[in-house]
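Note sheet for the following structure.
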Amino acid sequence: VIGELKELQKPFLVIFNTCKPTTKETREMVAKLENKYDVPVLPMDCLQLTTDDVYAVLQEVLYEFPVKEVNITLPRWVEELESEHWLRQKFDGAVGEVVKYIRRLRDIDRAIDDLSGYDFVADVILHDMDLGTGIAVIEMTARSELFYQVLEELTGFTVSGEHHVLRL
């Protein structure tokens, strides 16, 4: 059944009906199913469903909708660098690697984590994720010392902080 649902390319999730949704055994089975089928699996006791449980199901299924567009903004000064510059290439390469696997809205969290792992990135911020349109807006920032390093490379002057910029 899961294969057939995947072929339809429509968002869905699996509800694992059990009278013991919080046990270790249930969590292990849920993890196996999620890994095997690459779909969210929610353990629930369907006889004891609450309104909050129904909202949780709806929220989870929303994250299965496809991503239509991912807008990733780089620091403005990085965007001004030539496309051949080593730092610009690092940013472009990181973005290129990450966007390859973004298919569903739930993939955005993993993308943010992966982008945050690069040594030249200071922060990655999700500004907006519109579940209705499938559009995500992400901002990346560079480590502050990289600005001064690049400025030094481009000008030939020693620039290790804001105070040195005024001496140029």
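The values are calculated or read from the model by the stated rules, or taken from the named source; none is laboratory data. Note that the structure is predicted; figures quoted are calculated from it, not measured. All Cβ positions, glycine included, derive from the backbone under ideal geometry; neighbour counts span all protein chains shown. Each accessible area value is taken on the protein alone, full model and side chains, heavy atoms only, with ligands, DNA and RNA left out. Shrake-Rupley method; radii C 1.70, N 1.55, O 1.52, S 1.80 Å.
In table form, for the structure just shown:
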{"quantity": "Every residue from region 2-16 that is more than 16 Å from V61 (Cβ to Cβ) and open to solvent by 100 Å² or more (accessible area, probe 1.4 Å)", "calculated": "E4, E7"}
{"quantity": "Qualifying residue in region 156-165 (condition: open to solvent by 80 Å² or more (accessible area, probe 1.4 Å), hydrophobic (A, V, I, L, M, F, W, C) and part of a helix (DSSP H, G or I))", "calculated": "no"}
{"quantity": "Sole residue being touching a Ser or Thr at 6+ places or on another chain (Cβ under 6 Å) and not charged (D, E, K, R), chosen from V150, V159, V99, V124", "calculated": "V124"}
{"quantity": "Some residue of region 22-40 being polar (S, T, N, Q) and surrounded by 12 or more Cβ atoms within 10 Å (Cβ to Cβ)", "calculated": "yes"}
{"quantity": "Sole exception among (1) in a helix (DSSP H, G or I); (2) farther than 30 Å from G93 by Cβ; (3) open to solvent by 40 Å² or more (accessible area, probe 1.4 Å) for W77, by number", "calculated": "(2)"}
{"quantity": "Whichever residue in region 100-133 is under 21 Å from K6 (Cα atoms) and among the aliphatic types (A, V, I, L, M) and, among such residues, is surrounded by the fewest Cβ atoms within 10 Å (Cβ to Cβ)", "calculated": "L131"}
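Here's the yes/no breakdown for (1) assigned to a helix (DSSP H, G or I); (2) surrounded by 16 or more Cβ atoms within 10 Å (Cβ to Cβ); (3) of a type in the set (S, T, N, Q):
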residue	(1), (2), (3)
L42	no, yes, no
L47	yes, no, no
L58	yes, no, no
V61	yes, no, no
E64	no, yes, no
I72	no, yes, no
L81	no, yes, no
Q89	yes, no, yes
